[in-house]
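Before any comments, here is the structure.
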Amino acid sequence: MAPMSQSHPPHESYAELIACHECDTLNQIPALVPGRMARCRCCSAVLLRYPKGGLDRPIALYFTALLLLLLSNAFPFLSLEIQGRSEVTNIFGASWALYGAGMGELAVVVFITSILAPALLISSSLYVLLGVRLHRSLPAIRTLLSWISQLEPWVMLDVFILGVLVAFVKLGSMATMHIGISLVAFIGLIPVTAAAQAAFEPHLLWQQIGLRRGNKQHAG
Ligand SMILES: [Zn+2]
């Protein structure tokens, strides 16, 4: 019995093995087309889903995320007025202020989880997606694709926003706070990045890269 819900796989010659996350059965997965999914031949659990928009959907979402990330770092994040004194800061300024206050480890964690890891995740995901979408053999594309899943746990934009909200509540009675455009962009960045990560399907990208290698070797 065929394991797939897909009726006419376009590249019968390429197939990879995926272990079912429900019953551990090994399934052969031929290349999928947008809008199709692969199910386990034993328990029918969905193993792989290729969204209808294909790669265009994660590309559009990651481009939006890149724009929001640039906006959230380019403008003031928050301005604070306390006893006639006014302070304006951005995300980098926040981690720098932590460093200045003797909390070096925390400053590094904030910098990595709120700036560095999101920037690396978004740029490397776009690089891989565009390389596959435009059928280009870009350098280090396989290395980057394997790094992406390891980068994801380091992206903690929501934790940073939670900290900002706590500060809002605690300082609200003592100081006047103004929300900057960067904070709005940063809040928008959280659902957009989550949607982009959900639309990003590494198995499909490995499949596409494997197919291209297979075709090249076949042509050679
Ligand atoms: Zn199964």
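The values are calculated or read from the model by the stated rules, or taken from the named source; none is laboratory data. What you see is a predicted model, and the numbers here were worked out from it, not measured in a lab. For neighbour counting, all protein chains shown are included, and Cβ atoms are generated from backbone atoms with ideal geometry for every residue, glycine included.
Things to note:
- Helices (runs of 4 or more DSSP H) completely within the range 29-128 that count 3 or more residues being touching a residue at least 24 places away in the same chain (Cβ under 8 Å) and within 14 Å of the chain's Cα centre (by Cα): 56-74
- For the range 36-45, the criterion of being on the phi > 0 side of the Ramachandran plot and not assigned by TED's automatic domain parsing to the domain that holds residue 208 is met by at least one residue.
- Those residues of the range 33-66 which are of a type in the set (A, V, I, L, M), modelled with pLDDT of 85 or more, within 14 Å of the ligand (Cβ to nearest atom) and surrounded by 15 or more Cβ atoms within 10 Å (Cβ to Cβ), in sequence order: 38, 47
- Verdict on residue 142 being modelled with pLDDT under 90, more than 29 Å from residue 79 (Cβ to Cβ) and assigned to a helix (DSSP H, G or I): no
- Top-ranked residue in the range 2-32 [being loosely packed, with under 12 Cβ neighbours inside 10 Å and among the acidic types (Asp, Glu); ranked as modelled with the lowest pLDDT]: 12
- Top-ranked residue of the range 67-94 - restricted to ones that are touching a Gly at 6+ places or on another chain (Cβ under 7 Å) and of a type in the set (Phe, Trp, Tyr), ranked as nearest to the ligand (Cβ to nearest atom): 77
- Scanning the range 158-195 for residues being among the polar types (S, T, N, Q) and assigned to a strand (DSSP E or B) gives a total of 1.
Residues are listed down the side, and each one gets a yes or a no for (1) closer than 26 Å to residue 72 by Cα; (2) crowded, with 17+ Cβ neighbours inside 10 Å; (3) outside the structural domain of residue 108 (by TED's automatic domain parsing):
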| site | (1), (2), (3) |
| --- | --- |
| 162 | yes, no, no |
| 168 | yes, no, no |
| 200 | yes, yes, no |
| 206 | no, no, no |
